[in-house]
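J.: One structure, as structure tokens, below. Some questions next.
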Amino acid sequence: MDKSELESGALLDKGSEEATQERENNGTPWQRISPIALVYFLLMFFKNIFSNIVYLAPAIILGYDKVTEAPQLWLPIIFGVLGLATLFSILSFYFFQYRLSNQQIEIRSGVFSKTNINLPFARIQNVELNAPWYYRPFGYTSMQLDTAGSTQKEAKVVAIKETLALSLKKQIIASAKQARQVNELNAAHPNENGLNEERLKEQSGNEEPWVEIEEQEEVQLDSRNLDDLVIHGLTNNRIWIFLGTMAPFIDNASEGIGNFLRRFGIHIEDYLLFDGMSMWQMTWHVISIALFFLIPITLFSIIGAILTFHDFTLHRSGDRYIRRSGFFTRNEITMRLSRLQMIVQQQDWLDKFLGRRNLKFEQSNANITQSQSGQQSNKILVPSVTKKECEALMQDAYPDNQLDSIAFNKVSWRLLLRNLLLFVTPILTALYFVFVSNDYEDSIQVYVLIAFIIISLSCLRYWRWGYAIDENYVYIRKGCIGVNYYCFPLHKVQQTVFKQSWFLKRNKLCAVQFVLASGMVSVPYLSQTDGVKLIDLCLREVEESKRNWM
Amino acid sequence: MENIKTADFSNQNIDEDQVTIENIEFSTLSKKYATSRRWLGLLVCLTYSTLVLFFTKQTWIAIPNGLLNAITISSFVISGGGLLITFYCHFADPCKAYNLREQDISYRCGLIFSKVISQPILRIQHVELKRGPIDRKLGLAKLQVFSAGGALHTFEIPGLELEKAEQLRQFILSHKDLTIHG
């Protein structure tokens, strides 16, 4: 505070004038956030610069040449940038004000372009608390307020005491709930919330621990241990997170590794020369090189998984799911059960081998632009759960779903035919010219092996396709070596698409797409009668039940 | 797949009894729409070729050979593409049709790959009428319907008579489910 007062004396006068005016109007004084937010704004400044690096690139390249000619400029430039960043963060901090009054929150922010957000508590759908690592020692957190869908504005209280944030959150949720109950009384139709409460009552007979506790109290549904995360890291490559941050250094790193290995008499360049090798030798070399790179990648991937999902917990409080995780930045995602659009179960080939799967609760992605980068949108992903845990979680969200027992209908074999003709044949022809026409040894054998793999993969892909429907849900299965299952309630459908080409029409087949608020799912090459039935049932459920989708 | 509910539910399509998307009767778009698209295509191609002609025949600026080649190739591509598109549109545009039922609105399009998009009215978030300069000249309008499915899945019907488009919009806006569940 002191610093900012010194830095911008003139602005202060104007600001306090405004503040007194507002005070007269509304009675509640504007509040500043904690100075710890300076760090946040500083980081945001650099983040913004780096995310706009494309636009700055020409200037940087030109400037770089100039500066290398005159090295004495380095110091002033660095100080200039740092000074600008500091000034920016101090100003942002100075102009960021919020106040709570009358069941609403007002946020004023922005240095050049001012924004003024006014949010009644009743309109707030979601409250997310995220604590970056530099906040945690001081007990601060940032509070993201999520409204119903279409607002592009980011309503975020950047730094607030954790205890205050928690009590505010309680208050907001309570008043939002009250507003909803009033709405329910007004609307004659039963919707999600009513059903949820019924569900809760129904289940209270069971001996599930979470039902007996008060609605607002959180019940832990799931948590992940270190071994789960190691498995998750193995099966899901999170290397890209690392590569993204390491990209500027990759060139240096590869050179460094090369030099390092040369000391032991290993010459990478020689290793990559394939002259005078037989096909088998070459394959062996490729595999060993791949392994050489795969091991560090896997290690990084495991570290990535541990950092992202450290201390993962999934709680349920009333109709809300709350997911928390993160090693450095503690990330919290809250989702109301009624906002859940689709459950996705992902099982990669390695997952299949280890008997694990990833469970995703997907909600509307309308405000995906609003969510911070680095945060995995607003899905709740439960990493590497066992079959049993997965079933329990799914039963908790959608008690009447039959994903595990329902019989899937197969799609037409013509899909396989099309894929073989349209995709596999051209690839194999191209490969034939690459391999067989060049005179490597054993090339025919390798070609046959590759052809066999590609063809069996496309057969497998066809084999995995499946769809099913019951009174409440649509189930879709697809995949190749791994399997993905999708399950969504009929009434969550936003739009349906029925597709048919001439070829499909002649064979009484069609393709069907369901547009949900969380994205689109499709089924190819199913029989026309089934496709029409699927669409009719979905449209009918939407239009007849008139249940809300969020 | 046999659990079809039978309650008091009506989604009548004028005089059809069975509630299925298979037998909806589609109404065609305005005849002016296909014509306008043909003229627009022709106009674009003509404008481009006039520009090319002017550019290559003028004598003020010397054009490098490479650029001249590029222009020649691109004009072939554009005129050929324009011809193909016109051909396709000639057959495809009449396939575009829409239908309004009590509870949903559907749009059919596509010649070889035909597509029927159905949008339940109670999932609609907002409606827009869009009219470009040509649309305004011809008294046409494009109806855009937005749902929570996102911008990629905006439901739109082009080439409606203005009056019809306004009627449709009014029907959607005054639909009883929209006001409660919007």
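The values are calculated or read from the model by the stated rules, or taken from the named source; none is laboratory data. No experiment lies behind these values; they were computed from the predicted model shown. Ideal geometry is used to build each Cβ from the backbone, glycine not excepted, and the neighbour counts take in all protein chains shown. With ligands, DNA and RNA removed, areas are computed over all heavy atoms of the protein, side chains included. Shrake-Rupley method; radii C 1.70, N 1.55, O 1.52, S 1.80 Å.
J.: Residues of the stretch B:111-149 with amide nitrogen under 20 Å from the 7 Å Cα-to-Cβ point of B:LEU46?
T.: The answer is B:133-139, whose backbone nitrogens lie closer than 20 Å to the label point.
J.: Show me the ranking of peptides A:161-169, A:522-530, A:301-309 by mean Cβ neighbours inside 10 Å, starting with the highest. It would help to have the intermediate numbers written out before the result.
T.: Working: A:161-169: 15.7, A:522-530: 18.7, A:301-309: 21.0.
My ranking of the peptides, most packed first, is A:301-309, A:522-530, A:161-169.
J.: Can you give me the accessible area per residue for the stretch B:33-92, using a 1.4 Å probe, in Å²?
T.: That works out to 77 Å² per residue.
J.: Run the numbers for A:ASN118 and A:GLN402: contour at 0.36 nm per residue of separation, minus the present Cα-Cα distance, in nm.
T.: Taking A:ASN118 through A:GLN402 to full extension adds about 97.9 nm, to one decimal.
J.: While we're here: Report, as an integer, the average count of C-beta atoms from other chains found within 10 Å of each Cβ along A:511-521.
T.: Per residue, the number of nearby Cβ atoms from other chains is 3 on average.
J.: Suppose all protein chains stay in the model; what accessible area per residue would a 1.4 Å probe give for the stretch B:96-181, in Å²?
T.: Each residue of the stretch B:96-181 exposes 44 Å² on average to a 1.4 Å probe.
J.: Right, something else. Per the 1.4 Å probe, what fraction of the accessible area of the stretch A:407-515, in percent, lies on carbon and sulfur atoms?
T.: 66 percent
J.: Please give the per residue accessible area of the stretch A:441-550, computed with a probe of 1.4 Å over protein heavy atoms only, in Å².
T.: Value for the stretch A:441-550: 36 Å² per residue.
J.: With each label point set 7 Å from Cα along the Cα-Cβ vector, what nm distance links B:ASN23 and A:ASP442?
T.: Those two pseudo-labels are separated by 6.5 nm.
J.: Which whole number gives the average, over all residues in B:104-117, of C-beta atoms from other chains lying within 10 Å of the residue C-beta?
T.: Numbers: counts 6, 0, 3, 1, 1, 0, 3, 2, 3, 7, 8, 7, 8, 7.
Averaged over the peptide's residues, the number is 4.
J.: Right, another one. Using a basic spin-label model with each label point 7 Å from the Cα along Cα→Cβ, how many nm lie between A:LEU166 and B:CYS95?
T.: For the pair A:LEU166/B:CYS95, the computed spacing is 6.1 nm.
J.: In nanometres, what is the gap between the two model label sites at A:PHE423 and A:ASN52, each 7 Å from Cα along Cα-to-Cβ?
T.: 4.1 nm
J.: For the stretch B:33-92, which whole percent of the accessible surface, found with a 1.4 angstrom probe, sits on carbon and sulfur atoms? Could the numbers behind the result be given before it?
T.: Working: 3660 of 4610 Å².
Within the stretch B:33-92, the accessible surface is 79 percent carbon and sulfur.
J.: Still on this structure, please answer the following. Could you tally the net charge around A:VAL521, taking each other residue with its Cβ under 12 Å from the Cβ of A:VAL521, Lys/Arg +1 and Asp/Glu -1?
T.: +2
J.: So which of A:LYS508/B:LYS115; A:LYS169/A:LYS492; A:LYS352/A:LYS478; B:LYS130/B:LYS164; B:LYS32/B:LYS142 end up more than 21 Å apart, counting from Cα to Cα?
T.: Pairs exceeding 21 Å: A:LYS169/A:LYS492.
J.: On to the next question. What quantity of accessible surface, computed with a 1.4 Å probe and excluding non-protein components, is buried in total between chains A and B, in Å² to the nearest 100?
T.: On the way: alone 30490 and 12750 Å², together 39690 Å².
That pair of chains buries around 3600 Å² in total.
J.: Over the stretch B:96-181, with every protein chain in place, what whole percent of the accessible area is carbon and sulfur at 1.4 Å, could you tell me?
T.: 55 percent
J.: May I pose another question? Per the Debye formula with a single identical scatterer at each Cα and no solvent contribution, what log10 I(q)/I(0) holds for chain B at q = 0.19 Å⁻¹?
T.: Log10 I(q)/I(0), no solvent term: -1.30.
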